[in-house]
Amino acid sequence: MRRDLTRRLAIALATASSGFAAPAMAAAHEPLPACTGDAANTLSIVDLPTTLVEGKRYSFSVLDDWYEDVDVSLATAGQAPYWKGTVSGSDMEEEEPNLWIRADRGDGPLVISATTRHEIEDDNGDPVYCEDAITKTVTHASPRTRLMCSWYDGDANYPDARRAPRTCTLGQQNWSYHAQGFVGLTRMRWRHWGQGTATARAVWRENMGNSAQVRVTFYRLRQVGDYRVYTRARVQVLRSTWGGRQRFVIKLPTREA
């Protein structure tokens, strides 16, 4: 967890090159009484789902309705914080995410904690400070595996992400025209779906009633958003109505249309 810190979390203070800058470290202070009334419940953690996809970077914001500076810490559940920093109240005015986080395989649940201080008046009208706090725990899971199956409408190719499909048209990654061809598979029977290499036995149906029994090997997984997708398909023709054996590789689309 800690050795991966530099690629796991950043605090935003806009810069010309990256849009992020290093945060100021949170200043230690003595415990204060909890805020009540209008000064309570001013903190929020927004745009962060409760379950993260491992390996995906999530941008989110810690906000305070009073635009006060907020001390933030991140930890693995049950452990001491592995990072502490401060989000400036001015960062909350930009309406842009001011933090990002990423969960990796093997991490436990991640805990985001935030505290801020508010100046209020006591019963005598004198200024005093109180503290408001919020905590959010997020879990994470491995990305789902999908295969991009193409659909051609006569003008363009439209990939669609599917899980262990029974039928699938394999199209080249940059395929746009019918003349560039496709491999229309039916009756697909899978082995090792979701692993680094998966195979499927299928029937390849072509024009004029031609067909072939094929074995297709899918490999080279790549994470795209919430999915891992197979980016290569190696087709081996076992038997065909046109005779002969044939092998070729298809570079598959990685994103839905």
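The values are calculated or read from the model by the stated rules, or taken from the named source; none is laboratory data. Keep in mind it's a predicted model, so treat the numbers as computed, not measured. As a convention, Cβ positions derive from the backbone with ideal geometry for all residues, glycine included, and neighbour counts pool all protein chains shown.
Within segment 81-95, no residue satisfies the criterion of being modelled with pLDDT of 90 or more and among the acidic types (Asp, Glu). With respect to GLU54, is the statement that it is under 30 Å from GLN173 (Cα atoms), surrounded by fewer than 19 Cβ atoms within 10 Å (Cβ to Cβ) and modelled with pLDDT under 95 true? So GLU54 fits the description; yes.
The residues on offer are ASP153, ASP123, and the sole one that is of a type in the set (Asp, Glu) and farther than 30 Å from SER88 by Cα is ASP153. Taking strands (runs of 3 or more DSSP E) as the structural unit, those lying wholly within segment 158-257 and holding at least 3 residues that are closer than 30 Å to GLU54 by Cβ and charged (D, E, K, R) correspond to 227-240.
Looking only at residues in segment 68-86 that are within 14 Å of ALA133 (Cα to Cα) and over 23 Å from the mean Cα position of the chain (by Cα), the one that is surrounded by the most Cβ atoms within 10 Å (Cβ to Cβ) is VAL70. Scanning segment 137-156 for residues that are buried (at least 16 other Cβ atoms within 10 Å of the Cβ), part of a strand (DSSP E or B) and either touching a residue at least 60 places away in the same chain (Cβ under 8 Å) or on the phi > 0 side of the Ramachandran plot (or both) turns up VAL138, HIS140, THR145, ARG146, LEU147, MET148, SER150. If you check GLU54, GLU68 for being farther than 15 Å from THR115 by Cα and of a type in the set (Asp, Glu), only one passes: GLU54. Is one or more of the residues making up segment 134-157 more than 26 Å from the chain's Cα centre (by Cα) and of a type in the set (A, V, I, L, M)? Among the residues of segment 134-157, at least one is more than 26 Å from the chain's Cα centre (by Cα) and of a type in the set (A, V, I, L, M), which makes the answer yes.
For (1) charged (D, E, K, R); (2) in contact with a strand residue (DSSP E or B) (Cβ under 9 Å, 6 or more places away or on another chain); (3) in the same structural domain as THR76 (by TED's automatic domain parsing); (4) within 30 Å of TYR58 (Cβ to Cβ), each residue gets a yes or a no:
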site	(1), (2), (3), (4)
MET148	no, yes, no, yes
ALA161	no, yes, no, yes
GLN172	no, yes, no, no
THR199	no, yes, no, no
ALA202	no, yes, no, no
ARG205	yes, yes, no, no
VAL214	no, yes, no, no
ARG222	yes, yes, no, yes
ARG245	yes, yes, no, no
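Taking every residue in segment 31-51 that is in the same structural domain as LEU63 (by TED's automatic domain parsing) and polar (S, T, N, Q) and pairing it with any residue that is surrounded by 11 or more Cβ atoms within 10 Å (Cβ to Cβ) and assigned to a loop (DSSP other than H, G, I, E, B), at least 6 positions away or on another chain, the pairs with Cβ-Cβ distances below 7 Å are THR42/ASP65; THR42/TRP66.
Against the condition modelled with pLDDT under 95, farther than 28 Å from SER240 by Cα and in the same structural domain as PRO81 (by TED's automatic domain parsing), how does ASP107 come out, does it pass? So ASP107 passes the test.
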